[in-house]
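This report refers to the structure that appears directly beneath it.
The values are calculated or read from the model by the stated rules, or taken from the named source; none is laboratory data. Not measured: the values here are computed from a predicted model. Every residue, glycine among them, receives a Cβ derived from its backbone with ideal geometry; neighbour counts consider all protein chains shown.
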Amino acid sequence: MMRLRQHIEVAGQTSELLFESNKSLDRKDALDRLASNRAVVAEYQNKSVTLIPRSTTDLLLWLIALDGTAQSILILSDSTPIEQIDSFKKKSGCRTTVHKPFPPVSDSLDSPSDSKGTGKHIHNDIYVDTTWIIPTSGTTGTPKLVSHNLESLTRSVKMDKVFGSQLRWGLLYDPTRFAGLQTLLQSICGGSALIQPENLSDPDTIVKSFIQNQCNALSATPSMWRRLLMTKDFSDMPLEFLSLGGEIADQQLLTMLSRRFPDSRITHIYASTEAGVGFAVKDRKAGFPASYLATPPPNVRIGVSSEGQLLVKSEKGKAHYIAEPDDNMANDGWIDTGDLVELVGDRYYFLGRRNGAINVGGRKVQPTEVEQCILETEKVVMTRVYGKKNPILGELVVADIVASPGEEESELKSIIQSRCNELLADYKRPAFLKFVKSIEITPTGKIARI
Amino acid sequence: MNIRQEIETSYREACKNRNIEVPESLEDDMVLLESGLDSLGFAVLVTDLEMKLGYDPFTLMDEPVYPRTFAELFSVYERFKDRAQK
């Protein structure tokens with residue numbers, strides 16, 4: 001198993017590694033900084049470290065330095081609440097904290113040009129199989145810690161550095177979280193560049209900065225893609241690789257992206273932090289072929305429980321919860337993802353989370369099923385379906401709607417209503433449609449659930 | 001704000017949305033369950049009125065009362081009108 005540092009060494013050293021805050025870091029710069037700070041890094045040899053980086057540059061350099069050196073690395077976002085940091089550190093045993101910037105090239109005794117290292121402080125060729133620990137997104141409650149290794153995290157990463165050298169990945173996710181880390185590792189191990197936009201709250205600025213920096217590969221959640229689709233310059237992005245993950249990719253969005261970027265490769269990825277990575281679907285169609293159960297994509301096995309829940313099992317690498325009952329990992333390596341699927345014809349479609357259901361008089365409604373029905377109306381940019389407390393039936397289905405610019409609300413309302421009447425059982429149809437200007441997106445890029 | 005009028009309007013809308021024939025005139029003694037509006041329609045009506053009037057009498061009352069006739073429905077809303085939030 002190649003360590004991160006070795007991936008940097010074998011790629012073209014003058015190639016750009018990261019662009020952040022108007023500064024470019026190429027692979028040689030990174031190796032010089034590592035070589036120059038061998039003594040600093042040696043302090044963490046075989047230690048269990050909590051890494052709380054201040055920037056993507058710091059995260060990237062510390063990861064390259066610590067992978068293969070530290071016993072384990074717990075990666076936490078700078079915005080993690082202090083009491084949660086303490087609890088995570090305790091659970092994981094990662095008691096040494098790294099929060100400082102990765103030092104620049106210094107005039108110390110170690111020569112920067114000697115990037116192979118002298119072995120004075122680190123046994124360069126003896127690597128530890130570092131454990132990487134990442135919290136789950138906590139969509140369904142308190143975040144849990146999941147233990148990975150580099151192999152399990154890079155299972156779906158394309159390592160072809162000749163091909164990868166042509167790619168410039170845009171980073172929209174928090175790189176300390178699972179999805180962002182995937183993009184970061186793809187850039188490092190694939191020999192590509194990574195572009196960190198300045199201001200993540202304004203989609204117009206993001207798109208402009210991606211165009212300026214020739215970003216041609218982008219991974220985002222369906223909610224993020226919809227937000228980008230609303231920007232004026234979106235179609236000017238030179239995108240060749242588009243990937244969707246983290247939420248259900250609906251057909252409407254896949255079709256829209258296919259129309260804007262007809263020659264691109266569009267993939268939607270099913271992944272869970274627990275399973276490492278799941279699998280990719282490349283045919284521009286929502287859901288996944290039922291044939292995946294018998295002939296799964298590489299390194300993964302896929303199953304569906306009798307209750308319609310998606311089960312996955314990784315064939316390689318390892319991932320397990322730390323200090324939590326391993327309920328959903330106990331079953332011979334099969335992980336119950338908690339995502340509900342439904343077989344229609346020769347494809348499985350995602351219905352949503354098992355425990356995200358709205359209860360209308362004892363009948364369960366999956367918000368995402370209703371959302372997908374609404375999104376099929378071409379004039380809706382975004383929607384969020386949720387339950388509203390009701391004294392008669394417990395809950396009723398309500399939908400917030402962001403209309404495409406210029407759409408007449410009353411007309412759109414009747415289009416949505418007739419669509420829902422046609423496709424959904426009566427208790428699943430939104431009792432109320434609320435037109436709103438925007439819908440909040442969480443730091444992990446998913447619709448903020450109410 | 002005319003509560004009676006709001007209830008009538010919402011009632012007609014609820015019937016329309018549930019594809020139920022709207023009674024021509026809403027008489028005081030009209031039995032709600034016989035008017036065609038089922039529990040889902042009734043639930044929608046209550047939430048619609050909560051949004052329009054700013055209160056939901058069914059969550060405010062100590063003893064649950066389920067109105068039988070249109071007049072009873074109206075009186076439930078009339079009774080809690082001082083609790084309106086807007």
With respect to the numbered conditions (1) more than 14 Å from chain B (Cβ to nearest Cβ); (2) buried (at least 21 other Cβ atoms within 10 Å of the Cβ), which one is the sole condition not fulfilled by A:Leu396? (1)
Please go through the range A:360-392 and pick out each residue that is surrounded by 22 or more Cβ atoms within 10 Å (Cβ to Cβ), under 29 Å from A:Arg227 (Cβ atoms) and within 14 Å of chain B (Cβ to nearest Cβ). A:Val365
Output for Cβ contacts, cut-off 7 Å, separation at least six or different chains, first residue in contact (Cβ under 8 Å) with a residue 60 or more places away in the chain and more than 23 Å from A:Val10 (Cβ to Cβ) in the range A:159-187, second assigned to a helix (DSSP H, G or I) and among the polar types (S, T, N, Q), reads A:Tyr173/A:Thr183
Answer residue from the range A:269-303, given it is aromatic (Phe, Trp, Tyr) and either at pLDDT below 95 or within 17 Å of A:Val146 (Cβ to Cβ) (or both) and is nearest to the chain's Cα centre (by Cα) among those: A:Tyr270
Which numbered condition trips up B:Arg18, out of (1) charged (D, E, K, R); (2) surrounded by fewer than 13 Cβ atoms within 10 Å (Cβ to Cβ); (3) closer than 28 Å to A:Arg429 by Cβ; (4) within 14 Å of another protein chain (Cβ to nearest Cβ)? (2)
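Residues to consider are B:Asp38, B:Asp48, B:Asp62, B:Asp82; find the one that is of a type in the set (Asp, Glu), touching a residue at least 24 places away in the same chain (Cβ under 8 Å) and out of contact with any Asp or Glu (no Cβ under 6 Å at 6 or more places or on another chain). Before you say what the answer is, go through the steps one by one.
On the way: B:Asp38 fails: touching a residue at least 24 places away in the same chain (Cβ under 8 Å); B:Asp62 fails: touching a residue at least 24 places away in the same chain (Cβ under 8 Å); B:Asp82 fails: touching a residue at least 24 places away in the same chain (Cβ under 8 Å).
Residue meeting the stated conditions: B:Asp48.
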Could you please give the count of residues in the range A:304-327 that are modelled with pLDDT of 70 or more and exposed (fewer than 14 other Cβ atoms within 10 Å of the Cβ)? 3
I'm trying to understand the selection: among the residues of the range A:214-255, which are farther than 24 Å from A:Leu351 by Cα and acidic (Asp, Glu)? A:Asp233, A:Asp236, A:Glu240
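Within 11 Å of chain A (Cβ to nearest Cβ) and buried (at least 17 other Cβ atoms within 10 Å of the Cβ): which single residue out of B:Asp56, B:Asp38 fits that description? Walk me through how you get there before you give the answer.
Details: B:Asp38 fails: buried (at least 17 other Cβ atoms within 10 Å of the Cβ).
Just one listed residue meets the conditions, B:Asp56.
Kindly establish whether A:Thr69 is closer than 25 Å to A:Asp160 by Cβ and assigned to a loop (DSSP other than H, G, I, E, B).
Values: closer than 25 Å to A:Asp160 by Cβ: no; assigned to a loop (DSSP other than H, G, I, E, B): yes.
For A:Thr69, the condition - closer than 25 Å to A:Asp160 by Cβ and assigned to a loop (DSSP other than H, G, I, E, B) - is not met.
For every residue, the table says whether it meets (1) among the aliphatic types (A, V, I, L, M); (2) modelled with pLDDT of 90 or more; (3) in a loop (DSSP other than H, G, I, E, B); (4) surrounded by fewer than 18 Cβ atoms within 10 Å (Cβ to Cβ).
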| site | (1), (2), (3), (4) |
| --- | --- |
| A:Arg155 | no, no, yes, no |
| A:Lys158 | no, no, yes, yes |
| A:Gln166 | no, yes, yes, yes |
| A:Trp169 | no, yes, no, no |
| A:Asp174 | no, yes, yes, no |
| A:Thr183 | no, yes, no, no |
| A:Ser187 | no, yes, no, no |
| A:Leu200 | yes, no, yes, yes |
Scanning the range A:2-39 for residues that are out of contact with any strand residue (DSSP E or B) (no Cβ under 8 Å at 6 or more places or on another chain) and of a type in the set (A, V, I, L, M, F, W, C) gives A:Met2, A:Leu4, A:Val10, A:Ala11, A:Leu31, A:Leu34, A:Ala35, A:Ala39
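Output the residues belonging to the range A:159-193 that are of a type in the set (Val, Ile, Thr) and over 19 Å from A:Ser77 (Cα atoms). Let's see the steps before the verdict.
Step one: filter the range A:159-193 for residues of a type in the set (Val, Ile, Thr), giving A:162, A:176, A:183, A:188.
Within the range A:159-193, A:Val162, A:Ile188 meet the criteria.
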Filter the range A:414-450 down to the residues that are at pLDDT below 90 and β-branched (Val, Ile, Thr), then identify the one that is surrounded by the most Cβ atoms within 10 Å (Cβ to Cβ). A:Ile447
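Identify, from the list A:Ala403, A:Ala425, the residue that is within 11 Å of another protein chain (Cβ to nearest Cβ), over 26 Å from the mean Cα position of the chain (by Cα), within 22 Å of A:Asp250 (Cβ to Cβ) and of a type in the set (A, V, I, L, M, F, W, C). Talk me through it step by step, then tell me what you get.
Values: A:Ala403 fails: within 11 Å of another protein chain (Cβ to nearest Cβ).
Only one candidate passes the filter, namely A:Ala425.
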Only one residue in A:Leu433, A:Leu343 is hydrophobic (A, V, I, L, M, F, W, C) and either farther than 27 Å from A:Val304 by Cβ or within 14 Å of chain B (Cβ to nearest Cβ) (or both). Which one? A:Leu433
Quick one: count up the residues across the range A:361-388 that are at pLDDT below 85 and of a type outside the set (Gly, Ala, Ser). 3
